[in-house]
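Notes for the one structure printed next.
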Amino acid sequence: MNKKIFGLFLVLTVALFACQKKEEAREAERYTIEQFMKTESIGGSSFSPDESRLLYSSNKSGIYNAYVVSVEGGEPLQLTSSTDDAVFAISYFPDDNRILYTSDKGGNEITHIYLRNEDGSTQELTPGEKAKAGFTGWSFDEKSFFYISNARNPQFMDLYEMDIETFTRR
């Protein structure tokens, strides 16, 4: 870039900034502790296989649980109803309305992966009193999922694959 073009660019840039209207500082809105405590936190998300619903976690009930809501809006449906252990939604299954979620016991942070069937029944997929597990993703063919766990040795996280027909791991 030659000096004349650079000089013109510099003059125009300075003029642009000089012409901008400066916003006046405004005081931040204040909230009561009661309003703050009613704040709902949400996290995670997964579309249903037909992309008509969204799975997520919310602490609306006082503790995190799994919810589903139509992509067109409306009231969410609470899928889990834990009152003691936080439930964090992971994902819908690739071809049906079963879901995976994680939960621990009483805040011990030893998370396990659970299956929630379409009829509402649940199954713990990664049992173990001291073994922690975390979802890492679906396989390319969507016939299994991968997760990490310290089941073999508490000091190390190993990668496992779980078949979604038999729920056996390797």
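Ranking Gly62, Ser48, Gln123 by Cα position along the charge dipole of region 12-164, where only Lys, Arg, Asp and Glu carry charges on their C-beta atoms, puts Gly62 farthest toward the positive end.
Taking region 55-133, which GluC sites (Glu not before Pro) meet the DSSP loop condition and have no more than 11 other C-beta atoms within 10 Å? Intermediate values should be presented prior to the final figure.
Working: sites: Glu72, Glu109, Glu118, Glu124, Glu129; in loops: Glu72, Glu109, Glu118, Glu129.
Filter output for region 55-133: Glu72, Glu109, Glu118, Glu129.
Among the listed pairs Lys105/Lys132; Lys105/Lys143; Lys105/Lys130, those with a Cα-Cα distance over 19 Å are Lys105/Lys143.
Against the chain, whose longest principal axis comes from its Cα atoms, helix 3-19 is set at around 80 degrees. In region 35-163, Cα pairs under 8 Å separated by at least six residues give a relative contact order of 13 percent. Computed over region 60-112, the P(r) tail beyond 14 angstrom holds 57 percent of alpha carbon pairs. Hull volume per residue, based on the alpha-carbon atoms of region 25-93 and their convex hull, is 132 Å³. Distance distribution P(r), region 85-170, all Cα-Cα pairs, bin width 10 angstrom from 0: 18, 54, 26, 2 percent.
Over the residues of region 19-170, compute the C-alpha Rg and express it relative to 2.2 N^0.38 Å.
Details: Rg = 19.2 Å, N = 152, 2.2 N^0.38 = 14.8 Å.
Relative to the 2.2 N^0.38 Å estimate, region 19-170 comes out at 1.30.
Any read-out appearing in this document is the output of simple, stated calculations on the displayed coordinates, not a laboratory observation. Computed from a predicted structure; not experimentally measured. Positions of Cβ are backbone-derived with ideal geometry, glycine not excepted, and every protein chain shown enters the neighbour counts.
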